Amino acid sequence: MKTANGHEIIQLFESWSPKFFALEGDPIGLQVGQLNRQIQNVLVTLDVTLQVVQEAIDHNCQLILAHHPPIYRPLKNLRTDTPTGNIVELCIKHDIAVYAAHTNLDVAPGGVNDLLAEALELQKISILDETYAESVMKLAIFVPTTHSEVLRHQLALAGAGQIGNYDSCSFSSLGTGRFQPLDGSNPAIGQLNTLEQVEEEKVEVVFESSKKSKILKAMYEYHPYEEVAFDIWELDSKTNNQGIGRIGLLEQPLSLDEFAEKVKEQLKVPFVRIVGDATKSIRKVAVLGGDGNKYIQTAKRAGADVLVTGDLYFHVAQEAQLLGLSVIDPGHHVESVMKSGVSVKMNNLCEEKKYSCRFISSSISTEPFRVK
């Protein structure tokens, strides 16, 4: 087993919850400390409080992975007699780095909203509101037929040719390549100052734009020519569509009040706030962790019978009533489902990579409210 450093651990985390999934302006990423050190234990938490930092100290953690950024707005100063300053001071004194994954973890497949949808036992789950789609690019390479099979294989390993549930997709056409090596060149095929004709294959593959540098690196490494002839362009199509929130179906319809009880039980909350007729039949459910006030219209347009979300405003609740959309508000803290979800996911990934790093779910409740 290898002891990985912080950069390797975060790179592994971002392999499924990348920064580019985050909504614009979201203060994600490393917020305190450094990643250039070995990481043995990571504490996964919803929020970073003094109690959570102490828990990280007790577990000998070198990194805290939080959903809510402890530094959400730019600081004008860093006074250690303020709550935020005190937290940062304690982390620095104990050499604990803090990394925040906020809306990128909301959007990521297997992230917060998928975990909530699965906890509510929804079926046929899909994205509620698309926020990210990646452009598709196409690469056409001219390569000697003697090297085409190796090149196609290496391009596929780099991620080229993935279309839906298929990989290693490519198209080839045969032709003749002509070139004349000049003085100063070092041709793999042919002689200096002699016009050459080579049987070549035109290999065409498509790929996600984020993989461009990796694929070009493979192309240069495994192409035999000193000067590679290729074309590359962006297509008018998108892939890797991702988004905020989820929508799905209950196995059997429930009344609104019956479903509210299910929400309480499955999300482990003592109470929920409800908007709508208690007897209304609920089958199609939208769910959005955190503050979902901006998504009332989106849920309605998606055909949801109810939206499960937190921090519901008074006038937004009235708007939902007028739209005929029921709402169940279990509070913001239900996002704490990410603690166990992320820990399980990352421990599995570390095991696959043979990293001797342990992800620990925080046992501290950061729910600020209590009911009487």
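The values are calculated or read from the model by the stated rules, or taken from the named source; none is laboratory data. These numbers were taken from a predicted model, which means no experiment stands behind them. In this analysis, Cβ positions are derived from the backbone assuming ideal geometry, glycine residues included, and neighbour counts consider all displayed protein chains. Just the protein is used for accessible areas: all its heavy atoms, side chains included, with ligands, DNA and RNA removed. Shrake-Rupley method; radii C 1.70, N 1.55, O 1.52, S 1.80 Å.
Could you count how many residues in the stretch 314-372 are more than 27 Å from the chain's Cα centre (by Cα) and open to solvent by 80 Å² or more (accessible area, probe 1.4 Å)? Spell out how you get there, then give the answer.
First, the residues of the stretch 314-372 that are more than 27 Å from the chain's Cα centre (by Cα): 314-326, 368-372.
Applying the additional criterion that residues be open to solvent by 80 Å² or more (accessible area, probe 1.4 Å) yields 314-315, 321-322, 368-372.
Counting residues in the stretch 314-372 that are more than 27 Å from the chain's Cα centre (by Cα) and open to solvent by 80 Å² or more (accessible area, probe 1.4 Å) gives 9.
Which of the residues belonging to the stretch 42-55 are touching a residue at least 40 places away in the same chain (Cβ under 8 Å) and surrounded by fewer than 17 Cβ atoms within 10 Å (Cβ to Cβ)? Full working, then the answer.
Here is the first cut: in the stretch 42-55, the residues touching a residue at least 40 places away in the same chain (Cβ under 8 Å) are 42-53, 55.
If the condition is that a residue be touching a residue at least 40 places away in the same chain (Cβ under 8 Å) and surrounded by fewer than 17 Cβ atoms within 10 Å (Cβ to Cβ), then L50, Q51 are the ones that fit.
Which condition breaks for A278 when tested against (1) surrounded by 22 or more Cβ atoms within 10 Å (Cβ to Cβ); (2) not in a strand (DSSP E or B)?
For A278, the failing item is (1).
I'm told N77 meets every condition in (1) in contact (Cβ under 8 Å) with a residue 24 or more places away in the chain; (2) out of contact with any helix residue (DSSP H, G or I) (no Cβ under 6 Å at 6 or more places or on another chain) except one. Can you identify the failing condition by its number?
Among (1) in contact (Cβ under 8 Å) with a residue 24 or more places away in the chain; (2) out of contact with any helix residue (DSSP H, G or I) (no Cβ under 6 Å at 6 or more places or on another chain), the lone unmet condition for N77 is (1).
Could you go through the stretch 300-307 and let me know if any residue there is at negative phi, without any contact (Cβ under 8 Å) to a residue 60 or more places away in the chain and in contact with an Asp or Glu (Cβ under 6 Å, 6 or more places away or on another chain).
No - not one qualifying residue is present in the stretch 300-307.
If V285 satisfies every condition in (1) outside any strand (DSSP E or B); (2) out of contact with any helix residue (DSSP H, G or I) (no Cβ under 7 Å at 6 or more places or on another chain) but one, which is the exception?
(1) is the only condition that V285 fails.
Please find, within the stretch 283-309, the residue that is nearest to H68 (Cα to Cα) out of those that are β-branched (V, I, T) and touching a Gly at 6+ places or on another chain (Cβ under 9 Å). Break it down into steps so the answer makes sense when it comes.
So in the stretch 283-309, the residues β-branched (V, I, T) come out as 285, 287, 296, 298, 306, 308-309.
Applying the additional criterion that residues be touching a Gly at 6+ places or on another chain (Cβ under 9 Å) yields 285, 287, 298, 306, 308-309.
Values: V285: 25, V287: 18, T298: 24, V306: 26, V308: 19, T309: 16 Å.
Checking each candidate, the answer is T309.
Write out, first by first residue and then by second, each pair whose Cβ atoms fall under 8 Å of each other, whose residues are 6+ apart or on separate chains, and whose first residue, in the stretch 344-355, is assigned to a helix (DSSP H, G or I) while the second is open to solvent by 100 Å² or more (accessible area, probe 1.4 Å).
The qualifying pairs are N347/R358; C350/R358.
Of all the residues that make up the stretch 146-165, how many are in a loop (DSSP other than H, G, I, E, B) and either surrounded by 13 or more Cβ atoms within 10 Å (Cβ to Cβ) or in contact with a Gly (Cβ under 8 Å, 6 or more places away or on another chain) (or both)? Spell out the reasoning first.
Step one: of the stretch 146-165, the residues in a loop (DSSP other than H, G, I, E, B) are 146-147, 158-162, 164-165.
After this cut, where a residue has to be either surrounded by 13 or more Cβ atoms within 10 Å (Cβ to Cβ) or in contact with a Gly (Cβ under 8 Å, 6 or more places away or on another chain) (or both) as well, the list is 146-147, 158-162.
Selection size over the stretch 146-165: 7.
Out of curiosity, is K262 out of contact with any helix residue (DSSP H, G or I) (no Cβ under 6 Å at 6 or more places or on another chain), touching a residue at least 24 places away in the same chain (Cβ under 8 Å), open to solvent by 50 Å² or more (accessible area, probe 1.4 Å) and among the basic types (K, R)? Show your work before the answer.
Numbers: out of contact with any helix residue (DSSP H, G or I) (no Cβ under 6 Å at 6 or more places or on another chain): yes; touching a residue at least 24 places away in the same chain (Cβ under 8 Å): yes; open to solvent by 50 Å² or more (accessible area, probe 1.4 Å): no; among the basic types (K, R): yes.
No.
Results for (1) hydroxyl-bearing (S, T, Y); (2) over 21 Å from the mean Cα position of the chain (by Cα); (3) closer than 30 Å to E201 by Cβ, shown as yes or no for each residue.
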site: V42; (1), (2), (3): no, no, no
site: Q51; (1), (2), (3): no, yes, no
site: I57; (1), (2), (3): no, yes, no
site: D81; (1), (2), (3): no, yes, no
site: L139; (1), (2), (3): no, yes, yes
site: T146; (1), (2), (3): yes, yes, yes
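Looking only at the stretch 288-301, decide whether some residue is in a strand (DSSP E or B) and open to solvent by 50 Å² or more (accessible area, probe 1.4 Å). Break it down stepwise before answering.
Looking only at the stretch 288-301, we keep the residues that are in a strand (DSSP E or B), and these are 288-291.
Narrowing further to those that are open to solvent by 50 Å² or more (accessible area, probe 1.4 Å): 291.
So far as the stretch 288-301 goes, yes, one or more of its residues are in a strand (DSSP E or B) and open to solvent by 50 Å² or more (accessible area, probe 1.4 Å).
Here is a list of conditions, (1) over 30 Å from Y295 (Cβ atoms); (2) among the hydrophobic types (A, V, I, L, M, F, W, C); (3) within 30 Å of the chain's Cα centre (by Cα), and L250 meets all of them except one; can you say which number that is?
Of everything listed in (1) over 30 Å from Y295 (Cβ atoms); (2) among the hydrophobic types (A, V, I, L, M, F, W, C); (3) within 30 Å of the chain's Cα centre (by Cα), L250 misses just condition (1).
Condition test on A119, is it farther than 30 Å from A66 by Cα and under 30 Å from the mean Cα position of the chain (by Cα)? Can you show your working first?
On the way: farther than 30 Å from A66 by Cα: no; under 30 Å from the mean Cα position of the chain (by Cα): yes.
In short, no.
Are any residues in the stretch 193-249 open to solvent by 30 Å² or more (accessible area, probe 1.4 Å), small (G, A, S) and in a strand (DSSP E or B), and if so, which ones?
Those that are open to solvent by 30 Å² or more (accessible area, probe 1.4 Å), small (G, A, S) and in a strand (DSSP E or B): A229, S237.
Could you tell me whether the stretch 133-142 includes any residue that is more than 21 Å from G25 (Cα to Cα) and part of a loop (DSSP other than H, G, I, E, B)?
Step one: list which residues in the stretch 133-142 are more than 21 Å from G25 (Cα to Cα), which gives 135-142.
Adding the requirement that they be part of a loop (DSSP other than H, G, I, E, B) leaves none.
No, the stretch 133-142 contains no residue that is more than 21 Å from G25 (Cα to Cα) and part of a loop (DSSP other than H, G, I, E, B).
Criterion first (in contact with a helix residue (DSSP H, G or I) (Cβ under 7 Å, 6 or more places away or on another chain) and either open to solvent by less than 100 Å² (accessible area, probe 1.4 Å) or part of a loop (DSSP other than H, G, I, E, B) (or both)) does S168 satisfy it?
Numbers: in contact with a helix residue (DSSP H, G or I) (Cβ under 7 Å, 6 or more places away or on another chain): yes; either open to solvent by less than 100 Å² (accessible area, probe 1.4 Å) or part of a loop (DSSP other than H, G, I, E, B) (or both): yes.
Yes.
Among the numbered criteria (1) aliphatic (A, V, I, L, M); (2) under 30 Å from E134 (Cβ atoms); (3) touching a strand residue (DSSP E or B) at 6+ places or on another chain (Cβ under 9 Å), which single criterion is violated by I189?
Going through (1) aliphatic (A, V, I, L, M); (2) under 30 Å from E134 (Cβ atoms); (3) touching a strand residue (DSSP E or B) at 6+ places or on another chain (Cβ under 9 Å) one by one, I189 breaks only (2).
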